[in-house]
Amino acid sequence: MKPPLGRTLLRLFTVQGSWNYERMQGVGVGVAEEPLLRDLAVSRSAAAYRAAVARAAHFFNAHPYLCGMAVGAAARAEHDGTPPDQVERLRTALCGPLGSLGDRLVWAGWLPLNSGLALVGVSLGLGWWTVVGFLALYNAGHVALRWWALRAGWARGMRVAEALRQPVLQRAAAVVGPGMALAMGAALPLAAGYLGGPFPGWARALVAGVAGVGLVLLRLPRLGVTGLRFGLGVVAMALVVGWAWR
């Protein structure tokens, strides 16, 4: 049997379209898994197919780029005749690891890495080519991750934990973090210089002074100052000063 992985991959892009507080991503995951379960109606019965689809739509919450691993693994387990309670436990057990790994690999690594590189490109005058490069590189990486996760889940079924221990995946998580730090470290001064270029020297010094005050206040937790409060205060002051300047 050649599984319709391509159709499932396309549906995985909409997995959060039916997000809700009762099942989180469950309904979207069930919709994505359904093409992989259709053959159950032929190999077993229509009742087995309907029951498997219903289980696929139960509660699930993990990183959207890696939930395909749970989709593929659960569908393969259904085809292998795994008892329903074990399929449910598999889905539940995958929520935490897939969520943690995805957050570390994508939200704290791949996305800020590409964002930092884009800021560097804009600051160096590359213009719209930077935006095109960001969209191409980021989306190529995340689509590849989705496809790998789906195939790994389908190939291993109940043994899907083996995929999470692959050295390549672990090395990627270890490399993307320092890469993100390097890209953002280079982007911050370049972006500050690029954005502050049109302003006179006293204005740039004022902004630097405000940033320094904010840093000191945030390092004193007993004052109760948070980044959000300080930022809103600065915006309010800027609005008042701007109105008075007019």
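The values are calculated or read from the model by the stated rules, or taken from the named source; none is laboratory data. Just so you know, these numbers come straight off a predicted model, no measurement behind them. Glycine gets a Cβ as well: all are built from the backbone with ideal geometry, and neighbour counts include every protein chain shown.
Descriptive notes on the structure:
- Taken over segment 201-224, residues that are farther than 22 Å from residue 241 by Cα and β-branched (Val, Ile, Thr) amount to 1.
- Segment 199-220, subset at pLDDT 80 or above and not hydrophobic (A, V, I, L, M, F, W, C), residue farthest from residue 123 (Cα to Cα): 219
- For residue 27, the test of being under 18 Å from residue 99 (Cα atoms), of a type in the set (A, V, I, L, M, F, W, C) and assigned by TED's automatic domain parsing to the domain that holds residue 90 is passed.
- Segments classed as helices (runs of 4 or more DSSP H), wholly inside segment 127-246, with at least 1 members that are over 22 Å from residue 70 (Cα atoms): 128-156, 167-196, 201-218, 227-245
- Residue ranges of helices (runs of 4 or more DSSP H) in segment 19-105 with at least 1 members among the charged types (D, E, K, R): 26-37, 46-56, 67-79, 84-102
- For segment 39-91, the set of residues classified as without any contact (Cβ under 8 Å) to a residue 24 or more places away in the chain and either surrounded by 18 or more Cβ atoms within 10 Å (Cβ to Cβ) or within 24 Å of residue 10 (Cα to Cα) (or both) consists of 41, 42, 49, 50, 53, listed by residue number.
- Residue 116 within 15 Å of residue 62 (Cα to Cα), buried (at least 20 other Cβ atoms within 10 Å of the Cβ) and in contact with a Leu (Cβ under 9 Å, 6 or more places away or on another chain): no
- Looking across segment 159-173, the residues that are in contact with a Leu (Cβ under 8 Å, 6 or more places away or on another chain) and closer than 11 Å to residue 94 by Cα come down to 160, 164.
Yes or no, residue by residue, for (1) within 27 Å of residue 139 (Cα to Cα); (2) in contact with a Cys (Cβ under 9 Å, 6 or more places away or on another chain); (3) of a type in the set (S, T, N, Q):
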position: 7; (1), (2), (3): yes, no, no
position: 13; (1), (2), (3): yes, no, no
position: 28; (1), (2), (3): yes, yes, no
position: 41; (1), (2), (3): no, no, no
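- So residue 36, is it under 24 Å from residue 166 (Cα atoms), out of contact with any strand residue (DSSP E or B) (no Cβ under 8 Å at 6 or more places or on another chain), modelled with pLDDT of 95 or more and assigned by TED's automatic domain parsing to the domain that holds residue 163: no
- Whenever a residue of segment 208-233 is more than 18 Å from residue 196 (Cα to Cα), its partners that are surrounded by 12 or more Cβ atoms within 10 Å (Cβ to Cβ) and β-branched (Val, Ile, Thr), lying with C-beta atoms within less than 7 angstrom and at least six residues away or across chains, give the pairs 217/225; 218/225.
- Count of segment 143-158 residues, restricted to those that are in contact with a Leu (Cβ under 9 Å, 6 or more places away or on another chain) and either crowded, with 19+ Cβ neighbours inside 10 Å or free of Cβ contacts under 8 Å to residues at least 12 places away in the same chain (or both), is 10.
- Close pairs from segment 104-117: first under 19 Å from residue 171 (Cβ atoms), partner of a type in the set (Phe, Trp, Tyr) and crowded, with 22+ Cβ neighbours inside 10 Å, Cβ under 6 Å, at least 6 apart: 106/65
- Residue match in segment 37-48 (condition: closer than 19 Å to residue 151 by Cα and of a type outside the set (A, V, I, L, M)): yes
- So residue 232, is it loosely packed, with under 12 Cβ neighbours inside 10 Å and hydrophobic (A, V, I, L, M, F, W, C): yes
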